[in-house]
Amino acid sequence: MDVAQFQQRLFAKGRETGCSNMEIYYEQVRSTTVRVSKGEIDAYTIKESGGLSFRGEFDGKMGYAYSEQIDERAIDYLIREARNNAEVMESKENDELFAGSPSYPELSTYSERLAHVAPQTLIDAALEMESVAAKADTRIAMVRSSTVTISGSEVLIANTQGLDCRAKYSSAVGSLSVVAREAGDTTTGEWYDFSLQDFDEINFADIARRAAGEAVSKLNADTIASDNYPVIFRHDAASTLLNAYTSIFSAEAVDKDFSRLKGKLGEQVAGSNITLVDDPLMPHVPAQCAFDAEGHATRRNEIIKEGKLLTFLHNGKTAKKSGIDSTGHASKGGYRGKIGISPHNLYVEPGTASLEEMIANTDRGVMIVQLQGLHAGTNAISGEFSLSCIGFLIENGKVQRPVNQITVSGNLFNVLNEVEQIGKDLRFTGKCNSPSLKVKSLTISGA
């Protein structure tokens, strides 16, 4: 039974039991992964997962249930479990089903070409990365992991109010992790790249060389004296830092007093050089999507424009409470998850400076390329952070040597107001992205 047939039968059976308002959220994910080691296939894995969640209104209360099975037996189970769930619900706020947006953007999120890449092509790509990395530098001691994955997914949200949103997604990812050794020192390096449309777009040799370069560049690192330094967060580290604080833009967090941005709409909350955008309509980015987890059409939103806070991220419930339209940011952690709020493709608009120019404009500072301990070292409410990191010492406008055993401390809200220079090296790799950012001064704890 396909999901469309299942939906029809589920809704028909629900009506027979007195359930008038119903919704399903269907998700299916399929992936094929190849991992090689020492010139041989180390793992070849095919995974398929997913299921369907059901919302139904019984006697004025919304109940929930989910199932991994899409068959006749699941229909009675879902209705029974949702009814039982509704009977014990104590919340006075009942979720409302969304009837759909007037129109939806047309996006190209699925590629038949990716779906039919031959297994041997994946194996050859993984072997190529391993081989190129091993030969890239004599200090590469081991390729820890050379992996290629092809994945596809399907999402359907439909309800009795008329909502019917469907989408398919595809992607290919190549990733490599290597170990470098010299004079008793050991470091690691990772890199990856992806395509959403064409496997041939991925340069697997370049992934290998970059991973090797990352590992080798960190060899023979040492700490530095504790002090306040100008700090350049390289694009990947800047993205990691910003990602840890995306909840501060959530209207739900604001409503619960979990964000210092509460009450600051229309106010200057960052430097005038900072514009923060969420754009799920941008082509060729991992988080491209035409609708959110509630079926609201997505759109480009400027969260911060030239330092001024323009909006929070809203789902249907927070938008109704604020008397505005949803910004299309309802999220769901899989078909079993509850509705929340998260960005799709959040990014800092890039500047015009290259990373090399940012380094050249720094007399004495630190460039951070890797942040560690994000879970324990960040506080999204206060904005404070204290994170172990790896990077490079800059003197007289040049990178002098790698540094480790250091900690960078500061406050994100201060960082947003003290960015002196913004790079042009924006790279879209996930839901939160940033170009390199040069910050006026942060505390580095070392020796």
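The values are calculated or read from the model by the stated rules, or taken from the named source; none is laboratory data. Predicted, not measured: the structure shown is a model, and the values here were computed from it. Quick reminder, even Gly has a Cβ in these numbers, built from the backbone with ideal geometry, and neighbours come from all protein chains shown. When the accessible area is computed, the model is the full protein with side chains, heavy atoms only, and any ligands, DNA or RNA have been set aside. Shrake-Rupley method; radii C 1.70, N 1.55, O 1.52, S 1.80 Å.
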So which residues in the stretch 153-184 are closer than 23 Å to Gly391 by Cβ and modelled with pLDDT of 95 or more, if there are any at all? Ser175, Leu176, Ser177, Val178, Val179, Ala180, Arg181, Glu182
Verdict on Ser239 being of a type in the set (Gly, Ala, Ser), closer than 30 Å to Val117 by Cβ, open to solvent by less than 30 Å² (accessible area, probe 1.4 Å) and not in a strand (DSSP E or B): yes
Taking Val3, is it β-branched (Val, Ile, Thr), farther than 30 Å from Val179 by Cβ and either surrounded by 21 or more Cβ atoms within 10 Å (Cβ to Cβ) or under 31 Å from the mean Cα position of the chain (by Cα) (or both)? yes
Based on what the data block shows, is Ile248 assigned to a loop (DSSP other than H, G, I, E, B), open to solvent by less than 10 Å² (accessible area, probe 1.4 Å) and touching a residue at least 40 places away in the same chain (Cβ under 8 Å)? no
Ile406 open to solvent by less than 10 Å² (accessible area, probe 1.4 Å), over 20 Å from Ala270 (Cβ atoms) and touching a Gly at 6+ places or on another chain (Cβ under 7 Å): yes
When the residues of the stretch 73-85 are filtered to those that are within 13 Å of Gly14 (Cα to Cα) and surrounded by fewer than 17 Cβ atoms within 10 Å (Cβ to Cβ), which remaining residue is nearest to the chain's Cα centre (by Cα)? Tyr77
Quick check on my filter: what residues within the stretch 106-135 are surrounded by 15 or more Cβ atoms within 10 Å (Cβ to Cβ), not aliphatic (A, V, I, L, M) and not in a helix (DSSP H, G or I)? Thr109, Tyr110, Ser111
When the stretch 212-236 is examined, which residues are found to be in contact with a strand residue (DSSP E or B) (Cβ under 6 Å, 6 or more places away or on another chain), hydrophobic (A, V, I, L, M, F, W, C) and surrounded by fewer than 22 Cβ atoms within 10 Å (Cβ to Cβ)? Val216, Leu219, Ala221, Ile224
Checked Met62, Met22 against criteria (at pLDDT below 95 and surrounded by 13 or more Cβ atoms within 10 Å (Cβ to Cβ)); the one match is Met62
Could you tell me whether the stretch 286-299 includes any residue that is charged (D, E, K, R) and open to solvent by less than 20 Å² (accessible area, probe 1.4 Å)? yes
If I ask for residues that are of a type outside the set (A, V, I, L, M), assigned to a strand (DSSP E or B) and in contact with a helix residue (DSSP H, G or I) (Cβ under 8 Å, 6 or more places away or on another chain), which ones from the stretch 393-422 would you list? Lys398, Pro402, Gln421
Out of the residues in the stretch 425-447 meeting the condition of being open to solvent by less than 30 Å² (accessible area, probe 1.4 Å) and of a type in the set (A, V, I, L, M, F, W, C), tell me which one is farthest from the chain's Cα centre (by Cα). Ile444
For the stretch 283-325, which residues satisfy the criterion of being closer than 14 Å to Asn345 by Cα and of a type outside the set (A, V, I, L, M)? Pro283, His284, Pro286, Gln288, Cys289, Phe291, Asp292, Thr298, Arg299, Arg300, Asn301, Glu302
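If we keep just the residues of the stretch 375-392 that are open to solvent by less than 40 Å² (accessible area, probe 1.4 Å) and touching a helix residue (DSSP H, G or I) at 6+ places or on another chain (Cβ under 7 Å), which is farthest from Gly446 (Cα to Cα)? Explain how you work it out, then say what you get.
As a first pass, look at the stretch 375-392 and keep what is open to solvent by less than 40 Å² (accessible area, probe 1.4 Å): 377-378, 380, 382-383, 385, 387, 389-392.
Still in the running and touching a helix residue (DSSP H, G or I) at 6+ places or on another chain (Cβ under 7 Å): 380, 383, 385, 387.
Numbers: Ala380: 25, Gly383: 22, Phe385: 16, Leu387: 12 Å.
Per the stated criteria, the residue is Ala380.
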Somewhere in the stretch 245-258, is a residue touching a Gly at 6+ places or on another chain (Cβ under 9 Å) and within 21 Å of Ser436 (Cβ to Cβ)? yes
Output for the stretch 266-285, where each listed residue is surrounded by fewer than 21 Cβ atoms within 10 Å (Cβ to Cβ) and part of a strand (DSSP E or B): Gln268, Val277
Please list, ordered by residue number, the strands (runs of 3 or more DSSP E) wholly in the stretch 293-378 having 2 or more residues that are closer than 28 Å to Val155 by Cβ and among the polar types (S, T, N, Q). none
Contacts under 6 angstrom Cβ, first residue in the stretch 386-408 being at negative phi, partner among the charged types (D, E, K, R) and assigned to a strand (DSSP E or B), 6 or more apart: Leu393/Arg401; Glu395/Arg364
